[in-house]
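Reading through the structure tokens given below for one structure.
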Amino acid sequence: MTLLLAGDIGGTKTILRLAETSDSAGLHTIYQESYHSADFPDLVPIVQQFLAKANTSSIPEKACFAIAGPIVKNTAKLTNLIWFLDTERLQQELGIPHISLINDFAAIGYGILGLQRQDLHTLQVGKSQPEAPIAIIGAGTGLGQGFLIKQGNNYQVFPSEGGHADFAPRNEIEFQLLRYLLGKHDIQRLSVERVVSGMGIVAIYQFLRDRKFAAESPDIAQIVRTWEQEAGQEERSVDPGAAIGKAALQGSDRLSEQTLQLFIEAYGAEAGNLALKLLPYGGLYIAGGIAPKILPLIQNSGFLLNFTQKGRMRRLLEEIPVYIILNPQVGLIGAVLCAARL
């Protein structure tokens, strides 16, 4: 038996899981707990409190923490927190011999390998090739991208910064959106993340509102105005992206429906761009918190049309399996699997 500690560490929430692995029984969870990250000065006291509450007599032999931010030489500085994590310090203070820090999107890559059928929604069946690359794209706070390559009996996971590539408009309304956002932010280039993400949903709404593509509903208008007035604050009191998505799902606000339509089309197009670069016949997995919440809209909108609309390459993309990840703890699953490999 090997005791493992895994964590999904974010600026808002930290989730820890204690698991054990054995040759006969595989992996199984012993204890799990969630914490508000800002209530603690560092990760160490959270882990110490967690292990005390888990009431285990043994210290984990291995640990892996998925971090919302880049990992540089086994260290990480978290966005929106004063925490600075270093594997050597963590090993010393926690008494855990083997600790790894990985990017949160890399953790999703590992987590894909531990998902069950019920954790996925198949958007396009395609023709799966077990030895081919696997691609991941996920719109949430930002736009994560990554891929997995088969090496022997295992996969190696590679994160990327593909979400910061240039946004490529494909029609007149997207060209107008590009010009609007360049002017609004007084910038020279626009990353695709500014359109395909939670903040992208709000940006598209503002663009359509300001260009008067449809009238605003009073409820959504008030939420967006409050969010705009709270610009610069560490925490805002409203989430306009969630409100816009909910209104679009309910069909209660035309402007919100138009916003999600444009967002989903851009999302599908960027997923198709990633697929062209990798040819991931092992599957393209859509992660992030947004897709499961607007699943009916993705199913019934232009996501797949824009995914495959790549001219002569259309037939290639129609053969790529496309899945939406439904399990919100895929990153934590990945951290457990990564810890087991240490």
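Derivation of every value follows stated rules applied to the coordinates shown; laboratory data play no part. Because the structure is a prediction, the values reported are computed rather than measured. Don't worry about glycine lacking a Cβ; one is built from the backbone with ideal geometry, like all the others, and counts go over all protein chains shown.
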- Task: Measure nothing but the geometry: give the 0 to 90° angle between the long axis through the Cα atoms of 330-341 and the longest principal axis through the Cα atoms of the chain, rounded to 10°.
- Result: 30
- When all alpha-carbon pairs of segment 162-325 are counted, what percent fall beyond 28 Å? 21
- Item | Spin-label model distance (nm) - residue 72 vs residue 175, 7 Å beyond Cα toward Cβ | 4.0
- Note on the structure: Hydrodynamic calc, segment 1-49: Kirkwood Rh from Cα pairs, then Stokes-Einstein at 37 °C with viscosity 0.692 mPa s, so D in µm² s⁻¹ is 282
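Near residue 127, within a Cβ-to-Cβ distance under 10 Å, what is the net charge of the other residues, with Lys and Arg +1 and Asp and Glu -1?
On the way: positive: none; negative: 318, 319.
Computed value for this residue: -2.
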- Using only Cα positions of segment 207-294, each an equal point scatterer, no hydration layer, compute I(q)/I(0) via Debye at q = 0.26 Å⁻¹ and quote the log10 values to two decimals. -1.29
- Obtain the nm distance between the two label points defined at residue 59 and residue 215 by a simple spin-label model: each point lies 7 Å from its Cα along the Cα-to-C-beta direction. 6.7
- Query: What FRET efficiency do you get for residue 158 and residue 229 if R0 is 35 Å and r is their Cβ-Cβ distance, rounded to the nearest 0.05?
  - Reply: 0.30
- Query: In degrees from 0 to 90, rounded to the nearest 10, what is the angle of the helix 240-250 Cα long axis to the longest principal axis of the chain?
  - Reply: 70
- Using the Karplus curve 6.51 cos²θ - 1.76 cosθ + 1.60 with θ = phi - 60°, work out ³J(HN,Hα) for each residue of segment 65-76 in order, rounded to whole Hz, and write x for Gly and Pro. 10, 8, 10, 7, x, x, 9, 10, 6, 6, 10, 8
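I want the local charge near residue 144. Using Cβ-Cβ distances under 15 Å, sum +1 for each Lys or Arg and -1 for each Asp or Glu among the other residues. Numbers along the way, then the final one.
Values: positive: 194; negative: 8, 104, 161, 193, 270.
Residues close to residue 144 contribute a combined charge of -4.
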- Item | Cα centroid separation, segment 86-149 to segment 321-342 (Å) | 5
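Beta carbons within 10 angstrom, averaged per residue: use that to sort the peptides 191-202, 53-64, highest first. Walk me through the numbers on the way to the answer.
Details: 191-202: 23.6, 53-64: 16.2.
Final packing ranking: 191-202, 53-64.
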- Note on the structure: Per GNM of the chain with C-alpha springs under 10 angstrom, the most fluctuating residue out of 209, 314, 170 is 170
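Dipole of the chain, Cα-centred, from +1 at each Lys and Arg C-beta and -1 at each Asp and Glu C-beta, to the nearest 20 debye?
Details: 29 positive and 33 negative charges, 184 e Å.
My answer is approximately 880 debye.
Would you calculate, for the chain, the mean residue ellipticity at 222 nm contributed by helices, counting each DSSP H stretch of 4 or more residues as -39,500 (n - 2.57) and dividing by all residues, to the nearest 500? The partial results should precede the final answer.
Details: 13 runs with 137 residues, N = 342.
Computed ellipticity for the chain at 222 nm equals -12000 deg cm²/dmol.
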- Message: Could you tell me how far the Cα centroid of segment 31-71 sits from the Cα centroid of segment 252-309, in Å?
- Response: 34
- Item | Globularity ratio of segment 90-230, using Cα Rg and 2.2 N^0.38 Å | 1.40
- Point-to-point label distance, residue 118-residue 27, nm (Cα→Cβ direction, 7 Å offset): 1.8
- Under 19 Å Cα-Cα from residue 77, which lysines qualify once same-chain neighbours fewer than 8 residues away are excluded? 13
- Model label zone, residue 150; criterion: amide N under 18 Å from point 7 Å along Cα-to-beta-carbon; scope segment 262-286: 278-285
